[in-house]
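Enquirer: The structure follows.
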Amino acid sequence: MAEKASFEDNMNKLEQIVSELEQGDIPLEKALSEFQKGVKLSGELQSTLKNAEKTLAKEMTDDDSEVAFEKEESEDK
Amino acid sequence: MAEKASFEDNMNKLEQIVSELEQGDIPLEKALSEFQKGVKLSGELQSTLKNAEKTLAKEMTDDDSEVAFEKEESEDK
Amino acid sequence: MAEKASFEDNMNKLEQIVSELEQGDIPLEKALSEFQKGVKLSGELQSTLKNAEKTLAKEMTDDDSEVAFEKEESEDK
Amino acid sequence: MAEKASFEDNMNKLEQIVSELEQGDIPLEKALSEFQKGVKLSGELQSTLKNAEKTLAKEMTDDDSEVAFEKEESEDK
Amino acid sequence: MAEKASFEDNMNKLEQIVSELEQGDIPLEKALSEFQKGVKLSGELQSTLKNAEKTLAKEMTDDDSEVAFEKEESEDK
Amino acid sequence: MAEKASFEDNMNKLEQIVSELEQGDIPLEKALSEFQKGVKLSGELQSTLKNAEKTLAKEMTDDDSEVAFEKEESEDK
Amino acid sequence: MGNDYLSVSDLTSYIKKKFDRDPYLDKVYLTGEISNFRLRPAHQYFSLKDDNAKISAIMFKSAFDKVKFRPEEGMKVLVTGRISVYEATGNYQIYIDHMEPDGVGALYQAYEQLKKKLSAEGLFNAPKKPLERYPKRIAVVTSPSGAVIRDIITTTRRRYPIAQIVLYPAVVQGDAAASDIVRQINRVNERDDFDTLIIGRGGGSIEDLWPFNEEIVARAIFDSKIPVISSVGHETDTTIADLVADVRAATPTAAAELAVPVLTDVMTDIKNDQVRIFNAFRNKLNQLQQRLAKVQQSYIFKQPERLYDSYVQKIDMLNERLTNSLKETINQSDRKLNDLVYNLKINSPKNMIKEQQQVLQVQGNQLKRNIMLLIQNKQNQLTQRVDALDHLSPLKVMSRGFSFTTNSEGKVVKKIDDIQKNDDIELKLIDGYAKATVNEVKKESK
């Protein structure tokens, strides 16, 4: 279900966590778990971005040789 | 069914995608998928143009030897 | 039935197609199909002309016997 | 029945055909058939004239040898 | 008798043919037949004159018999 | 059950002990035990913090090598 | 006396008018003897007289030219004319318009009368029969012995020897002549093998020529089916026969010349006609040949490809335009597509990803910093408390040499009463403890 959360949603959640941590008056354990959540989120976001980058990179490469591009594209479907 | 969409329809779709991307305030995933759609569309458009060019080139070559030309043409149909 | 269309009819059709294409604001697929129609028409026109040429050439060859005839006559004089 | 058309009629027809063809604004098929008619007419006219000339030549030869002429004449009677 | 009477007629006919032919505005076929008629007529006329015998003057007696007159006449001289 | 007590609870408890000790009118023995409790508490707190720091350190290290991070992440799932 | 005197002129003029108005004096038939005649170049002035009287006569040139004899002094003549007065001399005189010798006067009168009659009947003006141009047989009614037949035969032989001359001998003088001539004319007309009839007689007096002035002869000539040439007398003589005949010849030779053509001329004519026919027909053929040649010279026949040349060019042009326009359409689309693709690439989410990566980086760093700060904070709090605890540590008191004692139960021994002899106690010092046994217990009072 985490997949359904959009990149922007997760980004917002991360921001919230950061600002919560910034306020500083939260219990340590909570802070820790929030932090971990944040790390996880940022990891996920990072990975989303990486995938996007990879996809883009791939598109870009494929773009030069269209046949290959089209093949892959049709495989994607 | 994508074949039925005319070149100009696809061109317009591509244009729309590009202008959406240019506005820039769309979510990343949407941007990605739109971009991919755009790439796919541009691929199709390019291939359509390539085919048109091939047709043109063929007709022009055939134009010199008319008998051959007429035969081919009737085969095309 | 295409045979029944007169040379001039086909010529006019071809001209119409060309001027349509030259106006330039027609969809690519339409342009392509019009172009092919045009190429087919011009092929037919050219073949009609070829036949006309052959017919004329034949008449002329037949006609040569007359020239020869005239030569004889002028020798008589 | 074409035999019945007089030399002058055919000449007029031929002249008309030629001037029509020279004006040049007649459809190709018509031009072709007119041309063929013209060639045929001109051949017929030429041959008619040839025959007339032969007749003339023969009479003149006969005229030179009056004895022969008279013989023929008396045979005619 | 018709033959005899027709010399002048034939002369007239011949003259008529000549003037018709010289006027020049008769159809070729007519001209040809006139020409042939004229040649034949002139031949006949010439031959008629050639074949006619020189005659001696005669005297018609009261009992309707023609007797030579020339002798008498030459005796008179 | 001491584990369940949050870092902040313990922090509060420690504070209480300190303030009790500051009042000074408690028997030495009590003071000693309170003090010892306090020492124990502070030990625990310190250790909690150490652990938290370790955890952090670990997260921090992992963060530098993203592949590893991602693996972990995907393993987390 | 009031008498009016006339002038001579007035009187003479009066008398002249009287003469001129008199119907009897307008045309007078007069016979007399010529007197005082002398031939003058133009008008003739002489007198006419008989035994008892004399009259002046004048004959103007126009009238005198018609006189067929030469007037002589003393010659009896018959004249017609009008009587008028010559005012200058006051003489009356006869203006003669016709004069002929007297003696034939009766015949002449008969001639005039017949002429008038036949003229009135229209015999002279009736349409003349055309002569046969190429006669085969010519009948000649004349005297077998005269020069007439001889001249005709000679001339005909010379000109047209193939014509048969047949003489119908006739008496041409005397009382029997007229009826004989008529008989022969009729005989000729009974046959139908004659083309021309010549009636002739040599010259002579009016009496000699008279048969040809007779009515029966005139009518026979007029009735003849065969055209008649008449040659009677000399050129100056005009007989009724001459007037009725279809043609009048001055002489027999002339008659023959009228009757027949010249054979060689005819031959030449025919020959000429023949040449003309050939020429005319040749011209005709040449004309037509030229006309035909002109048409055949048309570029239509010389270069028939010109009939469709323009089409060939047009089709080539259209083909070129066709391909060019498609090329243009493709190029336009291509350009537009390239622009779009370019813009697509420019606007690819790559930048967005980069941005987001930066944002993420910042957030990640913030996250780390924040958690570290938080922990630091907690650490600080803890350290503070630990320090405070330290300050309050009872161990500090002990470090000055104090110690406390606990019993075996671990309870702090505060009062002496809390222990007894031989209790095991423990002495807590700052840096350790010592186990001891109570040797003595002594309570002190305060």
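Any read-out appearing in this document is the output of simple, stated calculations on the displayed coordinates, not a laboratory observation. This structure is a prediction, so every number in the text was calculated from the model and none was measured. Please note: Cβ atoms are built from the backbone with ideal geometry, for glycine as well, and neighbour counts cover all protein chains shown.
Enquirer: Report the one residue of G:Ser62, C:Gln46, G:Tyr168 whose Cα lies farthest in the direction of the positive end of the charge dipole of the protein assembly as shown (charges on C-beta: Lys and Arg +1, Asp and Glu -1; origin at the Cα centre).
Expert: The listed residue farthest towards the positive side: G:Ser62.
Enquirer: Just rank D:Thr61, G:Thr155, fewest to most, by other beta-carbon atoms within 10 angstrom.
Expert: Details: D:Thr61 11, G:Thr155 21.
Ordered by Cβ neighbours within 10 Å, fewest first: D:Thr61, G:Thr155.
Enquirer: Can I ask one more? In the protein assembly as shown, with Lys and Arg counted as +1 and Asp and Glu as -1 at Cβ, which of these residues, D:Ile17, C:Ala31, A:Val18, has the Cα nearest the positive end of the dipole, that is, farthest along it?
Expert: About the Cα centre, the residue reaching furthest to the positive side is D:Ile17.
Enquirer: Restricting things to alpha carbons, find the Rg to Rh ratio for segment D:1-43 using the Kirkwood radius for Rh.
Expert: Working: Rg = 10.6 Å, Rh = 10.6 Å.
Reported Rg/Rh, Kirkwood definition of Rh: 1.00.
Enquirer: Using a simple charge model, +1 on the beta-carbon of Lys and Arg, -1 on the beta-carbon of Asp and Glu, nothing else, what dipole does chain G show about its Cα centre, in debye to the nearest 20? Could you put the intermediate results ahead of the total?
Expert: Details: 65 positive and 57 negative charges, 895 e Å.
Charge dipole, chain G, about its Cα centre: 4300 debye, nearest 20.
Enquirer: To continue, here is another question. Going down the list D:Lys30/G:Lys294; C:Lys54/E:Lys30; A:Lys13/F:Lys37; E:Lys58/G:Lys129; B:Lys58/G:Lys350, which pairs span over 30 Å between their C-alpha atoms?
Expert: C:Lys54/E:Lys30; A:Lys13/F:Lys37; B:Lys58/G:Lys350
Enquirer: Here is a follow-up. If Lys and Arg each add +1 and Asp and Glu each add -1, what is the summed charge of the other residues whose beta carbon sits under 13 Å from the beta carbon of G:Val172? Could the numbers behind the result be given before it?
Expert: On the way: positive: G:Arg183, G:Arg201; negative: G:Asp175, G:Asp180, G:Glu207, G:Asp208, G:Glu214.
Its environment carries a net charge of -3.
Enquirer: Order by neighbour count: G:Glu257, G:Glu440, fewest other Cβ atoms within 10 Å first, most last.
Expert: On the way: G:Glu257 19, G:Glu440 6.
Ranked by crowding around the Cβ, least crowded first: G:Glu440, G:Glu257.
Enquirer: Right, here's the next one. Determine how many Å³ per residue the convex hull of the Cα atoms of chain G encloses.
Expert: That works out to 697 Å³ per residue.
Enquirer: Between G:Ser445 and G:Ser205, how many nm apart are label points set 7 Å from Cα along the C-beta direction?
Expert: Between G:Ser445 and G:Ser205, the label points sit 26.1 nm apart.
Enquirer: How long are the three semi-axes of the equivalent ellipsoid for segment G:382-446, computed from the Cα gyration tensor as the root of 5 times each eigenvalue, in whole Å, largest first?
Expert: Values: eigenvalues 170, 33, 21 Å².
Semi-axes, largest first: 29, 13, 10 Å.
Enquirer: Also, I was wondering about something else. Using Cα centres only, tell me the gap between segment G:207-258 and segment E:1-50 in whole Å.
Expert: Distance between centres, Cα-based: 35 Å.
Enquirer: Please identify which residues in segment C:24-56 have an amide N closer than 16 Å to a label point set 7 Å out from the Cα of G:Gln332, following the Cα→Cβ vector.
Expert: Residues passing the 16 Å test: C:24-35.
Enquirer: Once the label point is placed 7 Å from Cα along Cβ, list for C:Asp9 the distances to the corresponding points in the other copies, in nm, shortest first.
Expert: In ascending order, 3.3, 3.4, 6.5, 6.7, 10.1 nm.
Enquirer: Quote the charge dipole size of segment G:375-446 about the Cα centre in Debye, to the nearest 20; the model charges only the Cβ of Lys and Arg (+1) and of Asp and Glu (-1). Please list the in-between numbers first.
Expert: Details: 13 positive and 11 negative charges, 50 e Å.
With only Lys, Arg, Asp and Glu charged at Cβ, the dipole is about 240 debye.
Enquirer: Helix-only estimate, please: 222 nm mean residue ellipticity of chain G, summing -39500 (n - 2.57) across DSSP H runs of length 4 or more and dividing by its residues, to the nearest 500.
Expert: Values: 15 runs with 218 residues, N = 446.
When only DSSP H runs of four or more count, the value is -16000 deg cm²/dmol.
Enquirer: Let me ask something additional. Bin all alpha-carbon pair distances of the protein assembly as shown at 10 Å intervals from 0 and give each bin's fraction as a whole percent.
Expert: Answer for the protein assembly as shown: a P(r) of 2, 7, 8, 7, 7, 6, 6, 6, 5, 5, 5, 4, 4, 4, 4, 3, 3, 3, 3, 2, 2, 2, 1, 1, 1, 0, 0 percent.
Enquirer: Rg/Rh for segment G:122-230 to two decimals, with Rh computed the Kirkwood way over all alpha-carbon pairs.
Expert: Numbers: Rg = 13.5 Å, Rh = 14.2 Å.
Rg/Rh for segment G:122-230 comes to 0.95.
Enquirer: Starting at the first residue of segment E:56-63, write each ³J(HN,Hα) from the Karplus equation 6.51 cos²θ - 1.76 cosθ + 1.60 with θ = phi - 60°, in whole Hz, x for Gly and Pro.
Expert: After applying 6.51 cos²θ - 1.76 cosθ + 1.60, I find 9, 5, 10, 10, 8, 7, 5, 9 Hz.
Enquirer: Nearest 20 debye, what's the magnitude of the dipole of the protein assembly as shown about its Cα centre given +1 on Lys and Arg Cβ and -1 on Asp and Glu Cβ?
Expert: Working: 125 positive and 183 negative charges, 478 e Å.
Its charge dipole is roughly 2300 debye.
Enquirer: Using a label position 7 Å from Cα in the Cα→Cβ direction, what is the ascending list of nm distances from B:Lys50 to the same site in the other copies?
Expert: 3.3, 3.3, 6.7, 6.7, 10.1
Enquirer: Among A:Ile17, G:Ile315, rank each residue by its count of other Cβ atoms within 10 Å, from fewest to most, as a rough exposure measure. Provide the component values of the computation, followed by the final result.
Expert: On the way: A:Ile17 25, G:Ile315 22.
Going from sparsest to densest Cβ surroundings: G:Ile315, A:Ile17.
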